[in-house]
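Novice: Mind having a look at this structure? Questions to follow.
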Amino acid sequence: MLNPSFLPMSDGIRTLRIFAAQDTGRYLAAVQDPLIQEFGYLPAAKHTERSVAQLAETIAPQGITRGDLGLLSIVNDTDTFLGSLVLFNATRESAEIGVWLLPQERGSGHALGALNLAAIFAKQSGLHELIARTVEDNYSSKHVVERAGFEEVARGMDKTPSGEQAPHVHYRRILRS
């Protein structure tokens, strides 16, 4: 289970913290991006100002308190929202992870840095592995998770965010001491 006492967590360039109300405007703008809509596993097909506010007000704090959902913001040194990192289906052993960035933040190293921070957070929380998956043709995502130490463990058909079946690559990162 995730332990919120280890948050926020920073590497000096970016910080992971619990998704908050001040993030809603940039989050709402980001989820309009076609790549996030195509490849992001978002909890709702259509986001509204109210639905995103609800993420910050209830879903994020309740999930991290339960320890099974970490809806986290990737922010810079001025606490500006850069993207989202989610740890979900967390158990005592593992969690699945997903990450996306605002279009203007891509290529900056923030996704890789956030994945590495998340691995530290998960290990400190007592987890032994992180799981990631992406559609086969999301080459950027595959590149980033592989650079972050995830190893391919399987391929198969899974649902995409739009509900269609597509070939996916499944990854795992063992959290070593």
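The values are calculated or read from the model by the stated rules, or taken from the named source; none is laboratory data. The structure presented is a predicted model; accordingly, all values stated were derived computationally and were not measured. Positions of Cβ are backbone-derived with ideal geometry, glycine not excepted, and every protein chain shown enters the neighbour counts. SASA here: full protein model, heavy atoms, side chains in, ligands and nucleic acids out. Shrake-Rupley method; radii C 1.70, N 1.55, O 1.52, S 1.80 Å.
Novice: Is at least one residue of the stretch 126-135 assigned to a loop (DSSP other than H, G, I, E, B) and at pLDDT below 95?
Specialist: Checked the stretch 126-135: no residue is assigned to a loop (DSSP other than H, G, I, E, B) and at pLDDT below 95.
Novice: Residues that are part of a strand (DSSP E or B) and under 16 Å from the mean Cα position of the chain (by Cα): does the stretch 146-168 have at least one?
Specialist: No, the stretch 146-168 has no match at all.
Novice: Can you confirm whether the stretch 105-128 contains a residue that is open to solvent by 40 Å² or more (accessible area, probe 1.4 Å) and of a type in the set (Asp, Glu)?
Specialist: Among the residues of the stretch 105-128, not one is open to solvent by 40 Å² or more (accessible area, probe 1.4 Å) and of a type in the set (Asp, Glu), which makes the answer no.
Novice: Let me ask something else about it. Considering only the stretch 136-145, state which residues are more than 21 Å from Ile13 (Cβ to Cβ), assigned to a helix (DSSP H, G or I) and either in contact with a strand residue (DSSP E or B) (Cβ under 7 Å, 6 or more places away or on another chain) or touching a residue at least 12 places away in the same chain (Cβ under 8 Å) (or both).
Specialist: Result: Lys142, single match.
Novice: Kindly provide the set of residues from the stretch 154-166 that are touching a strand residue (DSSP E or B) at 6+ places or on another chain (Cβ under 6 Å) and surrounded by 12 or more Cβ atoms within 10 Å (Cβ to Cβ), ordered by number.
Specialist: Arg155, Asp158, Thr160, Ala166
Novice: Please work out which one of (1) small (Gly, Ala, Ser); (2) more than 12 Å from the chain's Cα centre (by Cα); (3) modelled with pLDDT of 95 or more is the condition Gly107 fails and give its number.
Specialist: Condition (3) is where Gly107 drops out.
Novice: If you don't mind, there's one more thing I want to ask. If we scan the stretch 67-87, do we find a residue that is open to solvent by 60 Å² or more (accessible area, probe 1.4 Å), free of Cβ contacts under 8 Å to residues at least 40 places away in the same chain and in a loop (DSSP other than H, G, I, E, B)?
Specialist: Yes, that holds for at least one residue.
Novice: If you go through the stretch 104-123 one residue at a time, do you hit one that is part of a strand (DSSP E or B), closer than 20 Å to Arg172 by Cβ and aliphatic (A, V, I, L, M)?
Specialist: For the stretch 104-123, residues part of a strand (DSSP E or B), closer than 20 Å to Arg172 by Cβ and aliphatic (A, V, I, L, M): absent.
Novice: Scan the stretch 157-177 and give yes if some residue there is under 19 Å from Leu115 (Cβ atoms), modelled with pLDDT under 95 and among the hydroxyl-bearing types (Ser, Thr, Tyr), otherwise no.
Specialist: The answer is yes, given that some residue of the stretch 157-177 is under 19 Å from Leu115 (Cβ atoms), modelled with pLDDT under 95 and among the hydroxyl-bearing types (Ser, Thr, Tyr).
Novice: Right, another one. Only one of Ala132, Ala166 is small (Gly, Ala, Ser) and in contact (Cβ under 8 Å) with a residue 40 or more places away in the chain. Can you tell me which?
Specialist: None of the others qualify; the one that does is Ala132.
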